[in-house]
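The values are calculated or read from the model by the stated rules, or taken from the named source; none is laboratory data. Here the structure is a predicted model, which means the values were calculated and not measured. Don't worry about glycine lacking a Cβ; one is built from the backbone with ideal geometry, like all the others, and counts go over all protein chains shown.
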Amino acid sequence: MTSTTDICELDAVSLVDRIQRRELSPVEVIDAVLARMERLDPILNAFCTPTPDLARAEARRLEAAIQAGEEVGPLAGVPVGIKDLVLIKGIRTVSGCWAYADFIPEEDDVVVERLKAAGAIILGKTNVSELGYSGIGGNPVFGDTRNPWDITRTSGGSSAGSAAAVAVGIGPFAVGSDGGGSIRIPASFCGLYGMKAAFGRVPLYPGCRDERYPGVSSWESIEHIGPISRTVADSALMLSVIAGPDDRDRHSRPGGDIDWMGSLDGGIAGLRVAYSPDWGYAAVDPAVRAVVDRAVRVFERDLGCTVELADPGFSNPGEASRATVALETDLVGMRDLANQLGDRMSPGLRQFLAREWTAEDFTNAIVTRKAVTNAMWKFMRRYDLLLTPTLAVPAFPVGIDGPSEIAGRPNASWSPFTGILNMTGQPAASAPAGWTDDGLPVGLQIVGGHLADALVLRASAAFEAASPWADRWPALAQA
């Protein structure tokens, strides 16, 4: 007899295997996970719109199909949370914004279509920062998501609830989206693995591409949808289902060049690895630097790589990154929302929208983006992989936008490493590098060259095997 705790601590790959061999039923799995949700979500606020009744109904349907010997999908019976920027037909999608408090989509996002077809069981919508415009995990409608490692601290965002849920075993993986780090930020803060596959690998529609949804129809050239999971293999498993072209996304890439699960096999001995601890200009908390330094040594000492300290050589593109987001925002529609909502919109988002963006801001952003991309491809021709910290700080207290200073530098960016990889479109993952002395997770960002998703997964799996993390759980999950 498998206990509820044991079921919640199984990864998705193991759940698939045990369900297929009829050692576990979808109903057992969903009952266990929903019991944990009922116990822990009031503390974490990970789910803004849970769907337990629908999850139980789908579990019963799948169980009957399995017992009848019918064909079921490759994720049959596996629970998954869906970020509340990703549309599910018939399920409220608020996106953390009062303007969408009663919005019921009439269609599924492509990734939801694919997860449903694969037999995954949706647990509900996970909490986000308002319309995805912040790296912290709160919004005016549902409030803040808490970090499972320390509930006084932020989970990170904007895929806040997805990460918090997975970190305590409310599902083995969840869907996140990443327009400037929103998969990798909460993965880093919550001690998880999160992968932003190369741009175009996972199609985006309608959430980033439909004029009917001002506010969620933006960021077309920098947004990525992808997995947040406890293990590298689980992220690969989700990508094997959700990746591949779709005619509704003009940027989606042809599939077939990657065996997502097969990419996990093999070592990385002999690879040339660059380690940039600060891009050459960023402030980094000494505690983060110490943890990441130790993680990077694993690549040389245990995995057989040649590691060099090296920076790609671009200057800080932070302003260009912000302008790119503005350029891809429906400013007319969003400003209308801001005028309607007033103080019911997040202050940071109101400030962003109120700025008088100029044509020069946007053209400078485009020029800078080209320059950063050119610097990166030239750099990556010298190296197979690039390693950086995922973030400059560990998780900070709920209720603030970030620390006032980092390593003695006031007003420094706490997320200088992530948005650059959205500008270039390279595959990038955050893996747990370790924990600070006071028990907060720190992420290591693993970056590949153009379309080198398979290599990022292989390197991530090799690092996970050499420096495992999945057996470390927050005390909250064990209580």
Residues located in the range 338-356, provided they are of a type in the set (S, T, N, Q) and either under 15 Å from V141 (Cβ atoms) or surrounded by 12 or more Cβ atoms within 10 Å (Cβ to Cβ) (or both): Q340, S346
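Residue check: is E28 surrounded by 19 or more Cβ atoms within 10 Å (Cβ to Cβ), over 26 Å from G262 (Cα atoms) and of a type outside the set (K, R)?
Values: surrounded by 19 or more Cβ atoms within 10 Å (Cβ to Cβ): yes; over 26 Å from G262 (Cα atoms): yes; of a type outside the set (K, R): yes.
Taking the combined requirement at face value, the residue satisfies it.
Somewhere in the range 319-331, is a residue closer than 25 Å to E220 by Cα, of a type in the set (D, E, K, R), surrounded by 13 or more Cβ atoms within 10 Å (Cβ to Cβ) and at pLDDT below 95? Before the answer, list the steps.
Residues of the range 319-331 that are closer than 25 Å to E220 by Cα, as a first pass: 319-331.
Going one step further and asking which of them are of a type in the set (D, E, K, R), we end up with 319, 322, 328, 330.
From the residues that got through so far, the ones that are surrounded by 13 or more Cβ atoms within 10 Å (Cβ to Cβ) too are 322, 328, 330.
Pick out the ones that are also at pLDDT below 95 and you get 328, 330.
Within the range 319-331 (the criterion being closer than 25 Å to E220 by Cα, of a type in the set (D, E, K, R), surrounded by 13 or more Cβ atoms within 10 Å (Cβ to Cβ) and at pLDDT below 95), the answer is yes, since at least one residue qualifies.
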Breaking point among (1) in a loop (DSSP other than H, G, I, E, B); (2) farther than 25 Å from I225 by Cβ; (3) touching a helix residue (DSSP H, G or I) at 6+ places or on another chain (Cβ under 8 Å), for D361: (1)
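How about the range 109-134: which of its residues are of a type in the set (K, R), surrounded by fewer than 24 Cβ atoms within 10 Å (Cβ to Cβ) and under 14 Å from G171 (Cα atoms)? It would help to see each step written out before you state the result.
Within the range 109-134, the subset of a type in the set (K, R) is 114, 116, 125.
Now narrow it down to the ones that are surrounded by fewer than 24 Cβ atoms within 10 Å (Cβ to Cβ): 114, 116.
None - no residue of the range 109-134 is of a type in the set (K, R), surrounded by fewer than 24 Cβ atoms within 10 Å (Cβ to Cβ) and under 14 Å from G171 (Cα atoms), so the list stays empty.
Would you mention how many residues in the range 245-272 are closer than 30 Å to E220 by Cβ and assigned to a helix (DSSP H, G or I)?
As a first pass, look at the range 245-272 and keep what is closer than 30 Å to E220 by Cβ: 245-261, 263.
Next, only the ones that are assigned to a helix (DSSP H, G or I) stay: 263.
So the answer is 1.
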Picked from the range 457-479 (must be surrounded by fewer than 22 Cβ atoms within 10 Å (Cβ to Cβ) and in contact with a Leu (Cβ under 7 Å, 6 or more places away or on another chain)), the residue nearest to Y193 (Cα to Cα) is A466
Any residue at all in the range 50-62 that's part of a loop (DSSP other than H, G, I, E, B), under 27 Å from I151 (Cα atoms) and touching a residue at least 24 places away in the same chain (Cβ under 8 Å)? yes
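Please return the ranges of strands (runs of 3 or more DSSP E) entirely within the range 369-479 where 1 or more residues are under 14 Å from V284 (Cα atoms) and out of contact with any Gly (no Cβ under 7 Å at 6 or more places or on another chain). Break it down stepwise before answering.
Working: elements: 385-389, 428-435, 441-448.
Here the list reads 385-389, 441-448.
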I'd like the full set of residues that are of a type in the set (G, A, S) and touching a residue at least 12 places away in the same chain (Cβ under 8 Å), limited to the range 352-381. A354, A365, A371, A375
L239 vs (1) surrounded by 24 or more Cβ atoms within 10 Å (Cβ to Cβ); (2) modelled with pLDDT of 95 or more; (3) more than 30 Å from N411 (Cα to Cα): all pass except (1)
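Could you pull out the residue among D17, D11 that is modelled with pLDDT of 95 or more, closer than 20 Å to L75 by Cβ, surrounded by fewer than 17 Cβ atoms within 10 Å (Cβ to Cβ) and not β-branched (V, I, T)? Outline the logic, then answer.
Values: D11 fails: surrounded by fewer than 17 Cβ atoms within 10 Å (Cβ to Cβ).
Residue meeting the stated conditions: D17.
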From the list G157, G143, G77, G137, pick out the single residue that is modelled with pLDDT under 95, within 25 Å of A477 (Cα to Cα) and out of contact with any Cys (no Cβ under 8 Å at 6 or more places or on another chain). G137
Any hit, the range 297-315, residues being in a helix (DSSP H, G or I) and more than 30 Å from P468 (Cβ to Cβ): no
Output the number of residues of the range 137-152 satisfying the condition of being surrounded by 24 or more Cβ atoms within 10 Å (Cβ to Cβ) and within 21 Å of L87 (Cα to Cα). 4
